[in-house]
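Asker: One structure, pasted below without further comment.
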There are 2 protein chains.
Amino acid sequence: MKIALDAMGGDYAPKAVIRGANFALSRNPDLEFLLVGNESEIRPLLHKHHKLEQRSQIIHTTDVVTNEDKPSIALRQGKNSSMQLAINTVKEKIADACVSGGNTGALMAMAKIALRTLPGIDRPAICSLFPTRKGQAVMLDLGANPECTAENLFQFAIMGEAFGVALLGKKEPTIGLLNIGSEAGKGVDSVRQASEMLQTTQIPIKYVGFIEGNDIATGTVDIIVTDGFTGNIALKTAEGVAKLCGEYIKMGLTSSIFAKVGSMMAKPALKSIFKKIDPRAHNGAMFLGLNGIIVKSHGGMDHVGFANAIDVAIHLAKANINQRIIDEIGFSSENDADL
Amino acid sequence: MKIALDAMGGDYAPKAVIRGANFALSRNPDLEFLLVGNESEIRPLLHKHHKLEQRSQIIHTTDVVTNEDKPSIALRQGKNSSMQLAINTVKEKIADACVSGGNTGALMAMAKIALRTLPGIDRPAICSLFPTRKGQAVMLDLGANPECTAENLFQFAIMGEAFGVALLGKKEPTIGLLNIGSEAGKGVDSVRQASEMLQTTQIPIKYVGFIEGNDIATGTVDIIVTDGFTGNIALKTAEGVAKLCGEYIKMGLTSSIFAKVGSMMAKPALKSIFKKIDPRAHNGAMFLGLNGIIVKSHGGMDHVGFANAIDVAIHLAKANINQRIIDEIGFSSENDADL
């Protein structure tokens, strides 16, 4: 298994990338890395990790895509950027997957043009895991497609299911469509039509119907399907509320001397809870629907978070996620009645 | 100030309604109530609250709208329901406002037909307060309009601002449009166009631009404007995450003997935190944009929550919210250039 890393992408790159690679290697000793970026910055960091250095190859470039670059500019001027060259290794099948913590819009634009969509898939979607009461769930699209047709949503469901099979360790993850009520007539046309398509498809999936916003945290289903506008806002809303709750607890537990002593006693228990919702443990979003595995790490992640994104890439590559999507979409176009 | 109450609406009606009215009266001794519903159920409850009984009049009916009734059925068969008769008192200007904890869809359908929209307003929106890091914010639409034009969103902003002035105690609340990025080109057409309209309007409002999902809990702006699909899902997502966080904390604080002792010491501090995010303190959504004030209480609220919804109705009536909306929308149609 060979993973290409955009060594220059992310707020703490290249340090968090190299340390993340080392952390991932300690858990997966068979890994090999292609580290794409400025060798003069990467090499000194690599010297500290002997085993990683042995299993890594540097693809040198000094060009980088910044977070301020517009996707169109990055596409034109970033042909030799660490991001583009890392994607190219997947296109040329030199690497099994690529991980970048860089500019999301630029990464998506470059990946779309370099890799093209899978047969039967109209648009790629951004897909990620997040914590729920029952463990973890998958949500897509998280922002690539602000407006979606019923066909887009149907394809997202198939792609999300393949992602769930690879990462949740469930053979038949349940799928729900995000809506504003559970009754058949609720919501917008595209969502209602997608629901019909998912109910009648011959693909053996477990579609359970509409779910609502509160079902996201509850973990009512394993795979949550929605358009990129709603998905992006729901995810960021959830992150904002979780952060605020954490702050409130901290405020509460430090607001009096009794509370402080009490919180010290409860600390180990609270730590184990916070570990469950640690964003680093859920880091790594895939650009689903392309001919290749591109995983986006949050830009602000440290090495622990980046290593988790590498783990996501490994799981997806091992599960051969794209072949599963091609097979299911192909099966659908041969067997599903037109709606 | 006279408030009509749908005494039969909500999971704990009529008890929570009567007790809620009594609670609200203790805070606003000048209030008068029209209690609409089954007198044989209301009267015995009223006997327990002498002062409330003196300031209340019962409008007797045995018909009720249930939560299972479809809006279309409720409209046709509910002409004598407590919900419809309560709305009628606002239409006939016998009451200054109406509060119901009943079926949301039926209440909206009945209110729309009985009261009609305000001049210059195309569609009513559901609007409510919720807690943020900085205090409270206003969000609309929360589900009445799954699909919205730029004009709808523009009108929601003006209506939401009037709601904020009445309830937040701010003369110039800030307004933001919910989107998936803060740059000008982000999102969908309707949102981008609404942003232009809000930037160029001659109405003296404080529009700050696009905000993202995480800004909801942060309290970046006072008024959050979005379509009913996104708003409903964002609100329910936030409620789900807050509930899950609360459960995690409880789990953490009871998971060991040390944690239990610690949490007992921290209890008063934690209580004051939980009070801030108590959903009862933010109960009461207005159906904005109609010729009359209709406030919806959550169906599952107890008397404390219901009393808060009554307080919302009082504030809105005192602020003469609808006149402010009419003035501002009229000003806009006279002074704003067509986009």
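Asker: Along the charge dipole of chain A, which of A:ILE113, A:MET301, A:ALA144 sits closest to the positive end, that is, farthest toward it, with unit charges on the beta carbon of Lys, Arg, Asp and Glu (+1, +1, -1, -1)?
Answerer: Positive-most Cα among the choices belongs to A:MET301.
Asker: Further, regarding this structure: If a paramagnetic tag sat 7 Å from the Cα of B:LYS170 along the Cα-Cβ line, which residues of the range B:220-252 would have the backbone N under 18 Å from that point?
Answerer: In the range B:220-252, the label zone of B:LYS170 (backbone N under 18 Å from the point 7 Å along Cα→Cβ) covers B:220-226.
Asker: With all protein chains present and a 1.4 Å probe, how do B:ARG280, B:ARG19 order by accessible area, largest first? Spell out each step's value before the answer.
Answerer: On the way: B:ARG280 80, B:ARG19 110 Å².
Greatest to least solvent exposure: B:ARG19, B:ARG280.
Asker: A further question on this structure: Please work out the Kirkwood hydrodynamic radius for the range B:127-279, using every pair of different C-alpha atoms, and report it in angstroms with one decimal place. Walk me through the numbers before you get to the answer.
Answerer: Details: mean 1/r = 0.0596 Å⁻¹.
Over the range B:127-279, the inverse of the mean reciprocal pair distance is 16.8 Å.
Asker: Then there's this: Let me check something: with ligands and nucleic acids excluded, how do A:LYS15, A:LYS2, B:LYS186 order by accessible area (1.4 Å probe), largest to smallest? If you can, show how the numbers build up before the last one.
Answerer: Values: A:LYS15 110, A:LYS2 50, B:LYS186 85 Å².
Solvent-accessible surface, decreasing: A:LYS15, B:LYS186, A:LYS2.
Asker: Rule-of-thumb check for chain B: C-alpha Rg over 2.2 N^0.38 Å?
Answerer: Numbers: Rg = 20.8 Å, N = 339, 2.2 N^0.38 = 20.1 Å.
Cα Rg divided by the expected 2.2 N^0.38 Å: 1.03.
Asker: Of A:THR132, A:ALA285, A:ASN179, which is farthest towards the positive pole of the range A:122-288's charge dipole, taken about the Cα centre with +1 and -1 on the beta-carbons of Lys, Arg and Asp, Glu respectively?
Answerer: Sorting the options by dipole projection puts first A:THR132.
Asker: Is there a pair in A:LYS236/B:LYS276; A:LYS170/A:LYS276; A:LYS243/B:LYS267; B:LYS48/B:LYS70; A:LYS70/A:LYS243; B:LYS51/B:LYS171 whose C-alpha atoms are over 27 Å apart, and which pairs would that be? Could you put the intermediate results ahead of the total?
Answerer: Numbers: A:LYS236/B:LYS276 22 Å; A:LYS170/A:LYS276 20 Å; A:LYS243/B:LYS267 21 Å; B:LYS48/B:LYS70 35 Å; A:LYS70/A:LYS243 29 Å; B:LYS51/B:LYS171 35 Å.
Long pairs (Cα-Cα over 27 Å): B:LYS48/B:LYS70; A:LYS70/A:LYS243; B:LYS51/B:LYS171.
Asker: In the full protein assembly as shown, how much of A:MET251 is accessible to a 1.4 Å probe, in Å² to the nearest 10?
Answerer: About 90 Å², rounded to the nearest 10.
Asker: Jot down the per residue volume, in cubic angstrom and as a whole number, of the convex hull over the alpha-carbon atoms of the protein assembly as shown. Don't jump to the answer; show the numbers that get you there.
Answerer: Values: hull volume 116.8 nm³, N = 678.
With only Cα atoms used, the protein assembly as shown gives 172 Å³ per residue.
Asker: List the trypsin sites (Lys or Arg not before Pro) within the range B:42-84 that fall in a DSSP loop (any state other than H, G, I, E or B) and whose Cβ has at most 11 other Cβ atoms within 10 Å.
Answerer: Numbers: sites: B:LYS48, B:LYS51, B:ARG55, B:ARG76, B:LYS79; in loops: B:LYS48, B:ARG55, B:LYS79.
Passing sites in the range B:42-84 are B:LYS48.
Asker: Work through the residues other than B:THR62 whose Cβ is under 12 Å from its Cβ and net out their charges, Lys, Arg +1 and Asp, Glu -1. Mind dumping the intermediate values first?
Answerer: Working: positive: none; negative: B:GLU39, B:GLU41, B:ASP63.
Its environment carries a net charge of -3.
Asker: Further question on the same structure: Please list, ordered by chain and number, the residues whose modelled amide H lies under 5 Å from the amide H of A:ILE58; skip anything fewer than 5 residues away on the same chain.
Answerer: HN-HN under 5 Å from A:ILE58: A:LEU35.
Asker: Let me ask something else. Kindly compute the accessible surface that chains A and B hide from a 1.4 Å probe when together, both sides summed, and give it to the nearest 100 Å². Mind showing how you got there, number by number?
Answerer: On the way: alone 16500 and 16520 Å², together 28540 Å².
Using a 1.4 Å probe, the pair buries roughly 4500 Å².
Asker: Now for a different question. Output the lone cysteines of chain B: those with no second cysteine's C-beta under 4.7 Å from their C-beta.
Answerer: Lone cysteines by the Cβ rule: B:CYS98, B:CYS127, B:CYS148.
Asker: Could you state how much accessible area A:VAL208 has, in square angstrom rounded to the nearest 10, with a 1.4 Å probe and all protein chains kept in place?
Answerer: Here the accessible area works out near 80 Å².
Asker: Given a Förster distance of 56 angstrom, what is the FRET efficiency for B:LYS15 paired with A:PHE331, based on the Cβ-Cβ distance and rounded to 0.05? Display every interim value, and only then the final one.
Answerer: Values: r = 56 Å, r/R0 = 1.00.
It comes to 0.50.
Asker: Quick one: ranking B:GLU247, A:GLU328 by accessible area, 1.4 Å probe, largest first, what do you get? If you can, show how the numbers build up before the last one.
Answerer: Values: B:GLU247 70, A:GLU328 20 Å².
These residues rank, largest area first, as B:GLU247, A:GLU328.
Asker: Let me ask something else. With each label point set 7 Å from Cα along the Cα-Cβ vector, what nm distance links B:ARG43 and B:ASN67?
Answerer: So the two model labels end up 3.0 nm from each other.
Asker: List the GluC sites (Glu not before Pro) within the range B:1-106 that DSSP assigns to loop and that have no more than 16 neighbouring Cβ atoms inside 10 Å.
Answerer: Values: sites: B:GLU32, B:GLU39, B:GLU41, B:GLU53, B:GLU68, B:GLU92; in loops: B:GLU68, B:GLU92.
Passing sites in the range B:1-106 are B:GLU68, B:GLU92.
Asker: Rounded to the nearest 10 Å², what accessible area does B:VAL65 show when all protein chains are kept and the probe is 1.4 Å?
Answerer: Ignoring ligands and nucleic acids, B:VAL65 comes out at about 20 Å².
Asker: Same structure again: I need the helices of chain B that pass two filters: whole DSSP H segments spanning 15 Å or more by Cα along the axis, and mean Kyte-Doolittle score no lower than 0.0. Let's see the in-between values first.
Answerer: Working: long enough: B:15-27 (19 Å, 0.24); B:104-115 (16 Å, 1.51); B:150-168 (26 Å, 1.20); B:189-200 (17 Å, -0.76); B:228-253 (37 Å, 0.40); B:257-276 (28 Å, 0.43); B:303-318 (22 Å, 0.84); B:321-335 (21 Å, -0.45).
What comes out of the filter, once short or polar helices are dropped, is B:15-27, B:104-115, B:150-168, B:228-253, B:257-276, B:303-318.
Asker: Keeping every protein chain present and rolling a 1.4 Å probe, give me the accessible area per residue for chain A in Å². Please list the in-between numbers first.
Answerer: Numbers: 14260 Å² over 339 residues.
That works out to 42 Å² for each residue.
The values are calculated or read from the model by the stated rules, or taken from the named source; none is laboratory data. Keep in mind that what you see is a predicted model, and the values were worked out from it rather than measured. Neighbour counts are summed over all protein chains in view; Cβ atoms, including those assigned to glycine, are modelled from backbone coordinates with ideal geometry. The area values use the complete protein model at the heavy-atom level, side chains included, leaving out ligands, DNA and RNA. Shrake-Rupley method; radii C 1.70, N 1.55, O 1.52, S 1.80 Å.
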